[in-house]
Amino acid sequence: MDRRKALGNWGERVASSHMAGLGARLIDRNYTWKGGELDLIFERDEILVFVEVRTREEDAFMHPLETIDDRKCAKIKRTAFYYYEREWKKESLCQFDIITLIGNPDGYKLEHFERAFE
């Protein structure tokens, strides 16, 4: 596994632990459909939460949040809509969160942006 992929996997594990600490229940991870991917899917307070995780090393030249453009948001929304319509078996409100991590397992900063986009 290459270094970038390993860092991303680590970031998803940290983000998953963070969400669990908030009382959320993990439903699925790395769900893919037609080229779109949902990093993490949780249920929290009867809300279906789709979480996009962005992890960068400390020496990154831009904040991880800046790597999510309108095109990426649209792809996440399409995949989430498909998941909700085909996979989810109950009616729920939905929200899109972004969790960013800057650093590595030796030290990092986590930021959680709830309801990051509609």
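The values are calculated or read from the model by the stated rules, or taken from the named source; none is laboratory data. Predicted model only: the values in this text are computed from it and were never measured. Note that each Cβ is placed from the backbone with ideal geometry, even for glycine, and that neighbours are counted across all protein chains shown. Ligands, DNA and RNA are excluded from the accessible area calculation, which covers all protein heavy atoms including side chains. Shrake-Rupley method; radii C 1.70, N 1.55, O 1.52, S 1.80 Å.
Of note:
- Remark: E58 matches the filter, which requires a residue to be closer than 25 Å to R4 by Cα and assigned to a loop (DSSP other than H, G, I, E, B).
- Subset of segment 3-22 (residues that are open to solvent by less than 40 Å² (accessible area, probe 1.4 Å) and more than 13 Å from D39 (Cβ to Cβ)): L7
- Among residues of segment 75-92 that are over 14 Å from F117 (Cβ atoms), those with a Cβ under 7 angstrom from a residue that is surrounded by fewer than 16 Cβ atoms within 10 Å (Cβ to Cβ) and charged (D, E, K, R), sequence gap 6+ or separate chain, pair up as S92/E46.
- Breaking point among (1) out of contact with any Gly (no Cβ under 9 Å at 6 or more places or on another chain); (2) modelled with pLDDT under 95, for W10: (2)
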